[in-house]
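The values are calculated or read from the model by the stated rules, or taken from the named source; none is laboratory data. None of the values given here were measured: they were computed from a predicted structure. Cβ coordinates were reconstructed from backbone atoms using ideal geometry, including for glycine residues, and neighbour counts include every protein chain displayed. Note: accessible area is taken over every heavy atom of the protein model, side chains too, but ligands, DNA and RNA are not part of it. Shrake-Rupley method; radii C 1.70, N 1.55, O 1.52, S 1.80 Å.
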Protein chains: 2
Amino acid sequence: MKDGLDALFNAASIVVVGASPRAETPGGTTASQLVKRNFSGDVYLVNPKYREIEGRKCYASVEDLPGPADLAVIAVAARHVLPVLRQCAAGGIKGAIVYTAGFGETGEREQARAQEEMQEIARSSGMRIMGPNCVGLVNNARNLWATFAQPPLFEDGLQPGSLGIISQSGFFGIAIYQLAAYNGLGFRYFASVGNQADLSFTDFLAYMVEDPEISVICAYLEGLKASEDLLPLARRALSLKKPLAFIKVGATEAGSRAAQSHTGALAGSEENYAALFRQTAITRAEDFEQLVAYLHISLMERPPRGRRVGIVSVSGGGAVMLADKCGRSGLAVPDLHPDTLARLDGMLPAFATSGNPLDLTGQALEEPDLFGRALEAMLEDPGIDVLLVSYHIHVLLCWMALAKIRECYPKTDKTIIVIGTPLGEEDDVRALIKETRRIGVPVLQDMNYAIWALSSYADWWDKAKSYQDQALPGKGPALPPAEREGLTEYESAALLRPYGLEFPRGTLAKTAGEAKEALSRMGGAAVFKVQSPQILHKTEAGGVKAGITTPEEGEAAFAEITARARRYREGAEIHGVLVQEMLEQGQEVIVGMKRDEALGPVILFGLGGVFVEVLQDVALRVAPLTPPDAREMVEEIRGHKLLEGFRGSPPLDVEALIELLLQVSRFSMENPDVLELDLNPVFVYPRGRGLKVADALVIRRKN
Amino acid sequence: MKDGLDALFNAASIVVVGASPRAETPGGTTASQLVKRNFSGDVYLVNPKYREIEGRKCYASVEDLPGPADLAVIAVAARHVLPVLRQCAAGGIKGAIVYTAGFGETGEREQARAQEEMQEIARSSGMRIMGPNCVGLVNNARNLWATFAQPPLFEDGLQPGSLGIISQSGFFGIAIYQLAAYNGLGFRYFASVGNQADLSFTDFLAYMVEDPEISVICAYLEGLKASEDLLPLARRALSLKKPLAFIKVGATEAGSRAAQSHTGALAGSEENYAALFRQTAITRAEDFEQLVAYLHISLMERPPRGRRVGIVSVSGGGAVMLADKCGRSGLAVPDLHPDTLARLDGMLPAFATSGNPLDLTGQALEEPDLFGRALEAMLEDPGIDVLLVSYHIHVLLCWMALAKIRECYPKTDKTIIVIGTPLGEEDDVRALIKETRRIGVPVLQDMNYAIWALSSYADWWDKAKSYQDQALPGKGPALPPAEREGLTEYESAALLRPYGLEFPRGTLAKTAGEAKEALSRMGGAAVFKVQSPQILHKTEAGGVKAGITTPEEGEAAFAEITARARRYREGAEIHGVLVQEMLEQGQEVIVGMKRDEALGPVILFGLGGVFVEVLQDVALRVAPLTPPDAREMVEEIRGHKLLEGFRGSPPLDVEALIELLLQVSRFSMENPDVLELDLNPVFVYPRGRGLKVADALVIRRKN
């Protein structure tokens, strides 16, 4: 894969097919961008209409090129795309970018077929294809602008950095690199993935995750295809400590409607994406404002390593608002250390109060040294990770503040972040912000986005700092579709037991006689449950009877529940009755799995009863689960206090529950023909005493 | 009250005590503001140091004035403030504004005493006093700038409108009127309330609520004093359909710490403020950005009358994001009417999809008429209340869009709102925004704040449109403090029964003999509960025994629980045993009341068991409750489905529950010596069968 994408991002030579002297055409823009930006490799132009374009030779066809090119940019009419691609593949070209629209996104059969053909060409030739219907790609470190998108408006912010950008929408992708340039956030790679006939979103993501030049990746995502596998990539990024920040649209019905009309990607269930993002600490930005704020924080040279915030304000009540916002966003605004307080008391005027937030009042502006010493004292407080300084004042005073920040910054290893837009002349404000950023301190002009980004980054770091790669169950081989969908409890348990799940003792009795015998072997009370693949919800059918002890009761119960089952569903195939030990009552929980078309098995956990049914209090994660994922699921639900020993009851066996979630995860991975799993209820007992799965239902992919 | 504040806002003559030729002093600023802004009344200057200031006569003292003034602005050193106030009161001045700091806010005893003295002067003379420690007040419609705050930076946005501003912080108040001027949101009144020695936050609020010139009031609030009564004022504003938008800080511990060091106001519990705001649809802005967006919406000439949003975008994927945000914020982005879809299908190019959101793609920009006709079609759709149009494009194209909006606007009665900042020359952008606003269409540059404001305004309108003034229980007379705090269940029930609360039948038995007798009269099983003011939690003390039927059991139970109670709390005063009918089990709920120092009685409702104890699933409202308040409480909790008849069980008697909440509200209002009330549990029965209060505990204010 790396080699395949290298042919795009690190092409030594590029041929533009459909080059044109008209700058407003895609081919014309690309040719002129490559030439004007001094792309370091060779550029060939192809168009049978021209002999020469702006003094450069123009070839009639790819076949006429003097030598092989690494990358072909294809900007020809839709009907010419497939022939050109075949010529490219035949000519040994390693990668192709197809700008042309009018394929899968039209929803028309013939056009979709043409797109499948592209995939075929890629597969058979080894030439990787990007698009169709994309705006191209950029490697800003090599002046490789293989795109017809509008050129950057803010060239002075274009120095290449370590940011990678991937987008499923040309419009959004362009907006992101424009914003990156405007904010001086040096971006390196940009890829607009288009219809993903061959190269997909996760192919580009994988390339950037592994590229050591990339430290942060942001993306605009509408949906993944079933063949993509985001989870392991997101985990790989975590283990490499590379933050991922995605804008994922389609969270609401109307948004989803619009997203589907905009691209052709499949969209998995919104809750499942949210679970995957939470699980792997992919930061989900809701818009460009949040995204840019997050990029400022994550790309800074000294990003925050904790969530304990100190606040220094000179703007009166502003400190209160900032502190409230931090508190609401899960950041801490701790009390200062007594030594810090004593230092501040010694320097502040009588009417200012030492503390965090520290409101220096207007006085500080008349005494720059006071401001500097207060900064120093806050930065040296052992309980503070990040210092927020407010620029909500006149730009001239900010320059003074900056001078003091510049003095303090090299003496500390803590993070300093400036918040706010100064008042004053626009040019001066811009110069101030640029200079502040130059010394390594980001300036976030909007308080809300700043606090959101800081808190999101802290969430990511909490997960990334301790994340360890680990062996996880892989996917099992695909099985032929099953003959029937639903398995009985007995059949389900048989499939699940090898994974370590604990079921009650039980025997499948085919006759009343066998039932009596099983009952006597059991010793003690039993529950009888009818087993029929047509009756998956046994209780509703009257197919369950509990508290059976004597042979007579056993015989009667067998007859009764099988008769009821037959009445409930005419022609139901009755495999028999499961004679099962009665379980001691424990805390009811529910564990389930449902396979998401795009994301794979999604595991569900919740408490039984009102918690799931009234409150929808459930935790979701995408399999394969890590042990920390499973623990987070258990701790995430609102009702988790009930598991910890509530009101004098003993704490429950949470470790057994975590183990169960991991078993279900492995089962779901290794049995790709299982579409759904429902363990409901599971009884969890006090710590050390494990749990029992009191009922189980497996649904397979049907023929 | 109106007359008192009229002397300030509508003073015919103003005397500035502490006037100065030095413009940087508070007295100097005020004098020059009044003169330069052409205040329409008389201005007198007082300062013994000068004979004349900038050509105007300066008097040595208030006593030397040629005639009485309505309003005195006092800008003298703290030690002179009280003598000057006494002179003003003696001279028949009706209102005074005290800028001077160094009173209650210092936390020093002597200074606080001086502030109390001001209150005394106000009370005895009838002269109303604003401040001390305030930046003054403005009536922008009369050029009355009785403030030393910095003059407005954006004079061209200063035309007086219908916005009132009240602030407990000078800094924030000034920031708000600056922003109002910058955004062309015509404000009329501004008041910085300072330490509120006499005139308080709610005095100013009451004045503005009743003033017909004011249509929207915004405020910065840190906390209320016990003597203030926000709830009836907020209700009055609702019935007059005047939106209130408050920034209320102190929501988190750190914020609250900082807020208290900033002013001297009391701060009630955050949850209780949140309840009052929800109850009366006071919009709570978290910051200036939200506040300004809300003011744009609420001050527009044709504000939205519904939450069904149509979206028209020309910026590619932008429509998706906008639709997602609307959906997440409780706005609807409905499907279009089939006729609208057909109209759009007829006009759109093939690659654009008719629907809501409507993404016209770049094409629309090349065909202005297409854009105009699409706008018209969307506006005529009966299912759309508000049309959002995106300005996320180049300013030149926006001018084209504006031309079409201008054509459509007079033909519809629906709301149009423009969202986004166009790209392009700053001056041109500013002119475009101004022109758009001029025709009646607000421009909200940030999508997030816009959607938040739109949704908050829709929430307010939902409440305001149907709000009706109604008679509510008033406060009862203050009672002398009680001799003891806690009442037994029997005593509590006796206090509560007259309010209509339904308790089980029961008798207080002082001896075992009386208990037996009560039991036989009861007929059927009873529960015995020990009654002791020292044992308020009877079950913990082993003081409850249920299921008692025979005289022998009765005798034994009496002996047993009284003995247990004596062991549990030595010296406990035992009033006897409550012999009570056994209640049929119903759905457990909890109803409580706790008196907030600043806000008064706060009523709590929740379901019993895990809902309150594990999930903190409760609803709070400030008394007196209206019937809709009570209904909202019942519907607000997450577990409310359990009351509606869950999984085949019958729906419960929600009307009886609402009645109970209203009874508790009246009880709490009329018994100001009751600090807390706990009805736990209450059993609610199926619809039509009422409820029973199974236990009650009243806590009174103790001597």
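Structure notes:
- Qualifying residue in segment B:525-536 (condition: among the β-branched types (Val, Ile, Thr) and touching a Pro at 6+ places or on another chain (Cβ under 9 Å)): yes
- Meets criteria (within 23 Å of residue B:231 (Cα to Cα) and outside any strand (DSSP E or B)) for residue B:675: no
- Considering residues of segment B:613-625 that are surrounded by 21 or more Cβ atoms within 10 Å (Cβ to Cβ) and away from every other protein chain (no Cβ under 12 Å) only, the residue farthest from residue B:476 (Cα to Cα): B:619
- Flag if residue A:516 is farther than 23 Å from residue A:660 by Cβ and not in a loop (DSSP other than H, G, I, E, B): yes
- Residue count, segment B:387-421 (criterion: acidic (Asp, Glu) and in contact (Cβ under 8 Å) with a residue 60 or more places away in the chain): 1
- The set of residues in segment B:461-509 being of a type in the set (S, T, N, Q) and surrounded by fewer than 17 Cβ atoms within 10 Å (Cβ to Cβ) consists of B:466, B:468, B:470.
- Any hit, segment B:439-448, residues being more than 14 Å from chain A (Cβ to nearest Cβ) and either assigned to a helix (DSSP H, G or I) or among the acidic types (Asp, Glu) (or both): no
- In segment A:220-235, the residues that are within 14 Å of another protein chain (Cβ to nearest Cβ) form Cβ pairs under 8 Å with partners that are in a strand (DSSP E or B), at six or more places apart or across chains, as follows: A:220/A:166; A:220/A:167; A:220/A:246; A:220/A:247; A:221/A:246; A:221/A:247; A:221/A:248; A:222/A:248.
The rows are residues; the columns are (1) modelled with pLDDT under 95; (2) surrounded by fewer than 21 Cβ atoms within 10 Å (Cβ to Cβ).
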{"position": "A:148", "(1), (2)": "yes, no"}
{"position": "A:159", "(1), (2)": "yes, yes"}
{"position": "A:191", "(1), (2)": "no, no"}
{"position": "A:195", "(1), (2)": "yes, no"}
{"position": "A:219", "(1), (2)": "no, no"}
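- Residue match in segment A:459-477 (condition: touching a strand residue (DSSP E or B) at 6+ places or on another chain (Cβ under 7 Å) and outside the structural domain of residue A:668 (by TED's automatic domain parsing)): yes
- Residues that are more than 19 Å from residue A:622 (Cβ to Cβ) and in contact with a helix residue (DSSP H, G or I) (Cβ under 6 Å, 6 or more places away or on another chain) within segment A:190-216 comprise A:190, A:191, A:192, A:193, A:195, A:197, A:198, A:207, A:214, A:216, listed in sequence order.
Here's the yes/no breakdown for (1) among the acidic types (Asp, Glu); (2) at pLDDT 95 or above; (3) within 30 Å of residue B:615 (Cβ to Cβ):
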site: B:542; (1), (2), (3): no, no, yes
site: B:552; (1), (2), (3): yes, no, no
site: B:558; (1), (2), (3): no, yes, no
site: B:570; (1), (2), (3): yes, no, no
site: B:575; (1), (2), (3): no, yes, no
site: B:579; (1), (2), (3): no, yes, no
site: B:585; (1), (2), (3): no, no, yes
site: B:590; (1), (2), (3): no, yes, yes
site: B:593; (1), (2), (3): no, yes, yes
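- When segment B:637-678 is filtered for residues that are within 14 Å of chain A (Cβ to nearest Cβ) and acidic (Asp, Glu), only B:644 remains.
- Segment B:510-549 - residue that is polar (S, T, N, Q) and open to solvent by less than 50 Å² (accessible area, probe 1.4 Å) and, of those, nearest to residue B:586 (Cα to Cα): B:531
- Scope segment A:370-386; condition assigned to a helix (DSSP H, G or I), in contact (Cβ under 8 Å) with a residue 24 or more places away in the chain and either open to solvent by less than 20 Å² (accessible area, probe 1.4 Å) or not basic (Lys, Arg) (or both); matching residues: A:371, A:372, A:374, A:375, A:376, A:377, A:378, A:379
- Selection count, segment A:626-646, where residues are open to solvent by less than 30 Å² (accessible area, probe 1.4 Å) and closer than 22 Å to residue A:668 by Cβ: 6
Per-residue answers, yes or no, for (1) within 29 Å of residue B:427 (Cα to Cα); (2) crowded, with 16+ Cβ neighbours inside 10 Å; (3) of a type in the set (Val, Ile, Thr):
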position	(1), (2), (3)
A:401	no, yes, no
A:413	no, no, no
A:425	yes, no, no
A:431	yes, no, no
A:439	no, no, yes
A:444	yes, yes, no
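- Segment A:173-200, subset part of a helix (DSSP H, G or I) and touching a residue at least 60 places away in the same chain (Cβ under 8 Å), residue nearest to the chain's Cα centre (by Cα): A:176
- Some residue of segment A:417-429 being over 30 Å from residue A:234 (Cα atoms), in contact with a helix residue (DSSP H, G or I) (Cβ under 7 Å, 6 or more places away or on another chain) and assigned to a helix (DSSP H, G or I): yes
- Hits in segment A:678-703 (condition: open to solvent by 30 Å² or more (accessible area, probe 1.4 Å), in a loop (DSSP other than H, G, I, E, B) and closer than 15 Å to residue A:502 by Cβ): A:688, A:689, A:695
- Hits in segment A:658-672 (condition: surrounded by fewer than 18 Cβ atoms within 10 Å (Cβ to Cβ) and part of a loop (DSSP other than H, G, I, E, B)): A:672
- Scanning segment B:459-511 for residues that are small (Gly, Ala, Ser), under 32 Å from the mean Cα position of the chain (by Cα) and closer than 18 Å to residue B:682 by Cβ yields one hit, B:500.
- Test result for residue B:629, away from every other protein chain (no Cβ under 14 Å) and at pLDDT below 95: no
- Residues in segment B:107-136 that are touching a helix residue (DSSP H, G or I) at 6+ places or on another chain (Cβ under 7 Å), assigned to a loop (DSSP other than H, G, I, E, B) and either open to solvent by 50 Å² or more (accessible area, probe 1.4 Å) or of a type in the set (Lys, Arg) (or both): B:133 only.
- Test: residue in segment B:451-470 that is hydrophobic (A, V, I, L, M, F, W, C) and closer than 30 Å to residue B:663 by Cβ: yes
- Index of the failed condition, residue A:599 passing every other in (1) crowded, with 17+ Cβ neighbours inside 10 Å; (2) within 14 Å of chain B (Cβ to nearest Cβ): (2)
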